Amino acid sequence: MNKTQMAPSVEIVIENAPYAVVGIDAEGRVVEWNKQAEVVFGWPRNEIIGKRISETIMPARFREEYHHRMQEFLNKRTSTYLNRPMELVALHHDGSEFPIDLTVVSVPVNNTFLFYVFIRDIRNEKQAEALLRSSEVRLKSILANLPVAVTVHNGKNFLYVNDETVRILGYSTAQEIIGKEVLSIVHPSDRDAVIQRMKTAQKTGQPRPLREEKFLRKDGGVVIAEIYSVCIEFDGVPCILAFGRDITHKKNAEQEKEAMMRKEQEAYTENVRMLAQTRDAVDLRDEFISVAAHELRTPLTSIGLQIQILRRQLDKQKPSQTESEKLLNTITPTINQFDIQVERLTKLVNDLMDVWRIQAGQLVVHREMCDLVDLVRSAISRYCPGQQCRLIKAMPDKILGFWDSTRLEQVIANLLSNAEKYGEGKPIEVTVLGEDATASVQIRDQGVGIAAEDRRRIFDRYQRGASFRSFGGIGLGLYISKQIVDAHGGKISVKSQLGFGSTFSVELPIGR
Amino acid sequence: MKTVLIIEDDTPIREALSQALELEGYSVYSASNGKEGLEILRLLPAPCLILLDLMMPIMNGWEFADAVQQDNILMTIPIVVVTAYAETAKSVKSKEVIKKPVNLDRLMDCVKRYCG
């Protein structure tokens with residue numbers, strides 16, 4: 001059978017081909033132009049036949065190279081530009097340019113050539129390509145800027161890692177990681193767990209639940225990340241797509257916070273312990289002081305008693321016998337001195353005990369109904385011998401109040417003793433008044449007086465309002481007196497003038 | 001004969017008090033703690049006054065006072081507490097409290113008041 005009869009005619013094939021077929025001669029003139037060429041280029045056949053393609057469908061800028069190539073072929077009878085698809089830009093009849101895909105085939109005819117160019121308008125493809133590329137660019141940009149590590153691996157090696165992954169793991173490029181074994185960047189302590197979970201995920205196809213895992217950086221450092229992964233198909237292969245969030249800082253902060261809280265707890269416990277220790281020490285001190293004071297009182301009591309017994313015996317002696325009289329005269333002053341010194345020691349011990357009690361907050365006031373006038377009178381007779389102190393006024397002559405009589409007696413005694421000490425022997429006047437809800441006692445001496453700047457200090461501990469060399473003493477009396485008066489809700493004060501004497505006033509609320 | 005019972009654990013003080021009272025013409029029983037004091041009260045005729053120290057071993061002053069309160073006869077004997085701890089003495093049922101170191105004049109006044 002004739003070959004040409006079997007196949008459809010070449011013309012029919014060319015004419016109906018789904019792409020443009022353009023035939024040109026060695027001079028570049030169009031000799032063939034199929035239906036599709038008309039559509040693609042917008043040139044009707046009868047108009048373009050015989051015209052040069054370089055002057056019709058080729059943008060001007062390509063002409064030179066085209067001629068160059070053509071010459072090259074005609075000289076060499078071969079060219080690298082034949083028989084392979086090329087992407088070029090063509091010119092439409094309406095003047096617009098569009099992208100084409102073309103293949104050139106040469107056909108020897110007689111002793112020249114014809115060229116058949118198979119052309120496709122790839123405008124749409126190009127557009128799709130551009131869209132895809134721009135979408136790819138967008139996606140790439142998202143992946144690059146995502147503060148989340150995105151990786152794809154096939155269960156063994158990494159296939160893809162984004163910029164964040166690279167950054168988190170301390171590498172410089174993705175290439176350093178791609179191809180590496182996944183387990184090589186997992187911290188040894190988590191490797192088994194990771195293997196297990198990958199197996200389960202691949203079996204069930206379910207995404208792995210959110211999980212914290214430890215990974216190794218390039219420099220050997222450790223990062224802790226929250227990992228979420230799903231199974232996907234990547235290039236047709238079942239793979240795992242994993243998202244990771246670096247929580248190392250958060251974890252470190254948590255650990256630091258825990259450590260700090262532990263430290264605070266320890267400091268607090270330590271403080272509590274130290275406080276308890278301090279309290280114990282204070283209790284011990286107070287107990288010691290009170291025991292010491294008691295211990296001091298025992299020998300003092302003993303000595304005191306002995307001296308007083310001696311005294312009483314001496315007092316009973318009849319001074320008529322000259323020998324005894326001489327003996328009495330010798331012994332009596334000595335005994336008197338003993339007596340005085342024991343009294344001083346006793347007072348000192350008592351005052352110290354009171355000061356420590358005040359310190360320990362143990363100064364307690366035991367109130368009872370008592371008569372202030374009576375109290376003052378007996379204090380005067382007991383602590384101010386002779387005629388030096390006089391109760392010059394008591395108005396009314398019985399003032400009942402709810403006070404600690406022992407302690408008030410202590411205050412009055414202290415004031416009287418001070419008045420005597422600094423009174424320069426001059427008369428001391430005592431006044432007791434009761435008005436409405438307040439009772440007051442005033443003790444006035446006409447002695448050295450107290451300087452203005454000292455008047456405030458004298459009620460403080462260890463303060464004295466007179467020169468140490470002249471008057472001695474350690475100044476606890478007024479401090480204790482003030483504490484006692486304060487404990488009663490009262491007030492103690494002084495008015496004085498240097499050289500003229502002082503008046504001490506004690507005011508006490510009467511009621512309960 | 002007027003008798004005073006002294007209950008005091010410190011020997012020098014106990015002996016000095018005894019001596020002082022005897023010199024004044026009183027007769028003296030003495031005990032070094034509350035238990036001894038109770039024994040004396042059981043065996044001998046009642047004194048006109050008990051001088052009671054508080055801080056003592058075996059049976060202290062508070063315990064002695066409580067025990068005395070249990071007995072209808074003993075509870076009628078006046079007690080004067082002689083102690084350094086004047087504040088704590090308030091819980092004891094006593095006629096008076098004399099603070100240590102003791103002022104002998106005051107003590108003698110007190111004894112005279114209850115014993116004559």
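The values are calculated or read from the model by the stated rules, or taken from the named source; none is laboratory data. Worth saying up front: this structure is predicted, and the values here are computed from it rather than measured. Note that we place each Cβ from the backbone using ideal geometry, even for glycine, and neighbour counts take in every protein chain shown.
If you go through region A:363-411 and pick out every residue that is touching a helix residue (DSSP H, G or I) at 6+ places or on another chain (Cβ under 7 Å), acidic (Asp, Glu) and within 14 Å of chain B (Cβ to nearest Cβ), you end up with 2. The single residue among A:Glu226, A:Glu256, A:Glu233, A:Glu212 that is of a type in the set (Asp, Glu), surrounded by fewer than 10 Cβ atoms within 10 Å (Cβ to Cβ) and under 29 Å from A:Ile168 (Cβ atoms) turns out to be A:Glu233.
Of all residues in region A:184-196, those satisfying the criterion of being in a helix (DSSP H, G or I) and surrounded by 15 or more Cβ atoms within 10 Å (Cβ to Cβ) are A:Ile185, A:Asp190, A:Arg191, A:Val194. Taking the numbered list (1) under 17 Å from A:Thr112 (Cβ atoms); (2) without any contact (Cβ under 8 Å) to a residue 12 or more places away in the chain; (3) in a helix (DSSP H, G or I) in turn, A:Glu65 passes all entries but (1).
For B:Ile40, the conditions (1) more than 14 Å from chain A (Cβ to nearest Cβ); (2) touching a helix residue (DSSP H, G or I) at 6+ places or on another chain (Cβ under 7 Å); (3) among the aliphatic types (A, V, I, L, M) all hold with the exception of (2). When A:Ile309 is tested against (1) away from every other protein chain (no Cβ under 11 Å); (2) on the phi < 0 side of the Ramachandran plot; (3) free of Cβ contacts under 8 Å to residues at least 12 places away in the same chain, exactly one condition is not met: (1).
With respect to A:Ala225, is the statement that it is away from chain B (no Cβ under 14 Å), touching a residue at least 60 places away in the same chain (Cβ under 8 Å) and of a type in the set (A, V, I, L, M, F, W, C) true? So A:Ala225 passes the test. Filtered by the rule that a residue be part of a helix (DSSP H, G or I) and surrounded by 14 or more Cβ atoms within 10 Å (Cβ to Cβ), region A:21-46 gives A:Lys35, A:Gln36, A:Ala37, A:Glu38, A:Val40, A:Phe41.
So, B:Ile6, is that one within 14 Å of chain A (Cβ to nearest Cβ), touching a strand residue (DSSP E or B) at 6+ places or on another chain (Cβ under 6 Å) and not small (Gly, Ala, Ser) or not? Considered against the rule, which asks whether it is within 14 Å of chain A (Cβ to nearest Cβ), touching a strand residue (DSSP E or B) at 6+ places or on another chain (Cβ under 6 Å) and not small (Gly, Ala, Ser), B:Ile6 comes out as yes. I'd like to verify a number: residues in region B:92-105 that are within 9 Å of chain A (Cβ to nearest Cβ) and surrounded by fewer than 16 Cβ atoms within 10 Å (Cβ to Cβ), how many? Residues meeting the conditions: 1. Within region A:350-405, the set of residues being of a type in the set (Phe, Trp, Tyr) and within 19 Å of B:Ala84 (Cβ to Cβ) comprises A:Trp356 only.
Residues that are at pLDDT below 85, over 30 Å from A:Glu176 (Cα atoms) and surrounded by 14 or more Cβ atoms within 10 Å (Cβ to Cβ): does region A:270-288 have at least one? Yes, region A:270-288 contains at least one residue that is at pLDDT below 85, over 30 Å from A:Glu176 (Cα atoms) and surrounded by 14 or more Cβ atoms within 10 Å (Cβ to Cβ).
Being among the β-branched types (Val, Ile, Thr), surrounded by fewer than 17 Cβ atoms within 10 Å (Cβ to Cβ) and either touching a Pro at 6+ places or on another chain (Cβ under 9 Å) or touching a residue at least 60 places away in the same chain (Cβ under 8 Å) (or both): is that true of A:Val355 here? No: the conditions fail for A:Val355.
How about region A:68-102: which of its residues are surrounded by 11 or more Cβ atoms within 10 Å (Cβ to Cβ) and either of a type in the set (Lys, Arg) or modelled with pLDDT under 90 (or both)? Selection gives A:Arg69, A:Met70, A:Glu72, A:Phe73, A:Leu74, A:Ser79, A:Tyr81, A:Leu82.
For (1) at pLDDT 90 or above; (2) under 31 Å from the mean Cα position of the chain (by Cα); (3) assigned to a strand (DSSP E or B), each residue gets a yes or a no:
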site: A:Met198; (1), (2), (3): no, no, no
site: A:Asp219; (1), (2), (3): yes, yes, no
site: A:Val223; (1), (2), (3): yes, yes, yes
site: A:Pro238; (1), (2), (3): no, no, yes
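Restricting attention to region B:29-65, the residues that are surrounded by 19 or more Cβ atoms within 10 Å (Cβ to Cβ) and in contact with a Ser or Thr (Cβ under 8 Å, 6 or more places away or on another chain) total 9. For region A:442-457, does any single residue satisfy the condition of being touching a residue at least 24 places away in the same chain (Cβ under 8 Å), touching a helix residue (DSSP H, G or I) at 6+ places or on another chain (Cβ under 9 Å) and of a type in the set (S, T, N, Q)? Scanning region A:442-457, I find no residue that is touching a residue at least 24 places away in the same chain (Cβ under 8 Å), touching a helix residue (DSSP H, G or I) at 6+ places or on another chain (Cβ under 9 Å) and of a type in the set (S, T, N, Q), so the answer is no. Within region A:154-169, being in a loop (DSSP other than H, G, I, E, B), touching a residue at least 24 places away in the same chain (Cβ under 8 Å) and within 27 Å of A:His249 (Cα to Cα) holds for one residue alone: A:Leu169. When B:Val4, B:Val111, B:Val28, B:Val81 are screened for being under 28 Å from A:Val291 (Cβ atoms) and β-branched (Val, Ile, Thr), only B:Val81 passes.
Of all residues being more than 8 Å from chain A (Cβ to nearest Cβ) and crowded, with 19+ Cβ neighbours inside 10 Å in region B:82-91, which is modelled with the highest pLDDT? Just the residue, please. Going through the qualifying residues, I end up with B:Val82. Being more than 40 Å from the chain's Cα centre (by Cα) and touching a residue at least 40 places away in the same chain (Cβ under 8 Å) is the filter here, so list the residues in region A:123-153 that pass it. A:His153 - this is the single residue of region A:123-153 that is more than 40 Å from the chain's Cα centre (by Cα) and touching a residue at least 40 places away in the same chain (Cβ under 8 Å).
A:Ser135 fulfils the conditions (1) surrounded by 11 or more Cβ atoms within 10 Å (Cβ to Cβ); (2) among the polar types (S, T, N, Q); (3) modelled with pLDDT under 90 except for a single criterion, (1).
Rundown of residues vs (1) in contact (Cβ under 8 Å) with a residue 24 or more places away in the chain; (2) within 16 Å of B:Cys115 (Cβ to Cβ), yes/no style:
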{"site": "B:Gln19", "(1), (2)": "no, no"}
{"site": "B:Tyr26", "(1), (2)": "yes, yes"}
{"site": "B:Glu36", "(1), (2)": "yes, no"}
{"site": "B:Pro45", "(1), (2)": "yes, yes"}
{"site": "B:Cys48", "(1), (2)": "yes, yes"}
{"site": "B:Leu52", "(1), (2)": "yes, yes"}
{"site": "B:Asn60", "(1), (2)": "yes, no"}
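Residues in region A:315-340 that are within 12 Å of chain B (Cβ to nearest Cβ) and either surrounded by fewer than 16 Cβ atoms within 10 Å (Cβ to Cβ) or of a type in the set (Gly, Ala, Ser) (or both): A:Asp315, A:Lys316.
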